[in-house]
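Structure, as structure tokens:
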């Protein structure tokens with residue numbers, strides 16, 4: 001939906017309040033392992049920040065965003081330069097999208113991910 005070269009992941013909040021890998025069809029296992037267990041934090045990345053704030057968080061350029069200071073080496077090593085994350089409500093989780101070019105999501109991408117996030121919330125509620 002977001003075009004070629006885009007990757008996505010879903011992180012879910014566990015009972016200890018940590019973000020855990022939920023699903024990803026196209027992110028490497030070592031990347032997913034590296035971000036597994038992040039604490040929600042408004043000052044860290046896009047997924048942890050979205051989990052902490054309950055709001056969409058966008059980063060057009062990892063190198064220009066202080067929230068990525070400690071983590072930017074991870075997506076940059078995979079050729080990604082930016083990302084955005086949308087909260088999944090009830091149960092809490094995050095839908096993250098990574099881009100290989102500096103840009104924000106289009107309105108169509110935002111609507112599509114919002115629909116997917118709502119669908120993921122319904123699925124996760126039944127686990």
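A few remarks follow.
- If the condition is being closer than 15 Å to residue 12 by Cα and in contact (Cβ under 8 Å) with a residue 40 or more places away in the chain, then the stretch 49-67 contributes 50, 51.
- Some residue of the stretch 80-92 being more than 12 Å from the chain's Cα centre (by Cα) and free of Cβ contacts under 8 Å to residues at least 24 places away in the same chain: yes
- Selected residue (only one of 85, 9, 55 is surrounded by fewer than 19 Cβ atoms within 10 Å (Cβ to Cβ), touching a helix residue (DSSP H, G or I) at 6+ places or on another chain (Cβ under 9 Å) and within 24 Å of residue 121 (Cα to Cα)): 55
- Search result, residues across the stretch 35-47 that are farther than 18 Å from residue 99 by Cβ, touching a strand residue (DSSP E or B) at 6+ places or on another chain (Cβ under 6 Å) and surrounded by 16 or more Cβ atoms within 10 Å (Cβ to Cβ): 38
- Subset tally (residues that are within 18 Å of residue 48 (Cβ to Cβ) and touching a strand residue (DSSP E or B) at 6+ places or on another chain (Cβ under 6 Å)) for the stretch 15-34: 7
- Pair list, Cβ under 7 Å, 6 or more apart: the stretch 110-127 residue closer than 11 Å to residue 93 by Cβ, other residue at pLDDT below 85 and loosely packed, with under 12 Cβ neighbours inside 10 Å: 121/90; 125/90
- In the set (1) within 13 Å of the chain's Cα centre (by Cα); (2) over 17 Å from residue 32 (Cβ atoms); (3) in contact (Cβ under 8 Å) with a residue 60 or more places away in the chain, residue 97 fails one condition alone, (2).
- Considering each residue of the stretch 31-52 in turn, none proves to be assigned to a loop (DSSP other than H, G, I, E, B), modelled with pLDDT under 95 and under 17 Å from residue 20 (Cα atoms).
- Summed over the stretch 54-79, the residues that are part of a helix (DSSP H, G or I) and either within 12 Å of residue 98 (Cα to Cα) or touching a strand residue (DSSP E or B) at 6+ places or on another chain (Cβ under 8 Å) (or both) give a count of 6.
- Residues of the stretch 96-117 that are touching a strand residue (DSSP E or B) at 6+ places or on another chain (Cβ under 8 Å), surrounded by fewer than 16 Cβ atoms within 10 Å (Cβ to Cβ) and over 24 Å from residue 72 (Cα atoms): 114 alone.
The values are calculated or read from the model by the stated rules, or taken from the named source; none is laboratory data. Keep in mind the model is a prediction, meaning the values are calculated, not measured. FYI the Cβ positions are ideal-geometry reconstructions off the backbone, even for glycines, and counts take in every protein chain you see.
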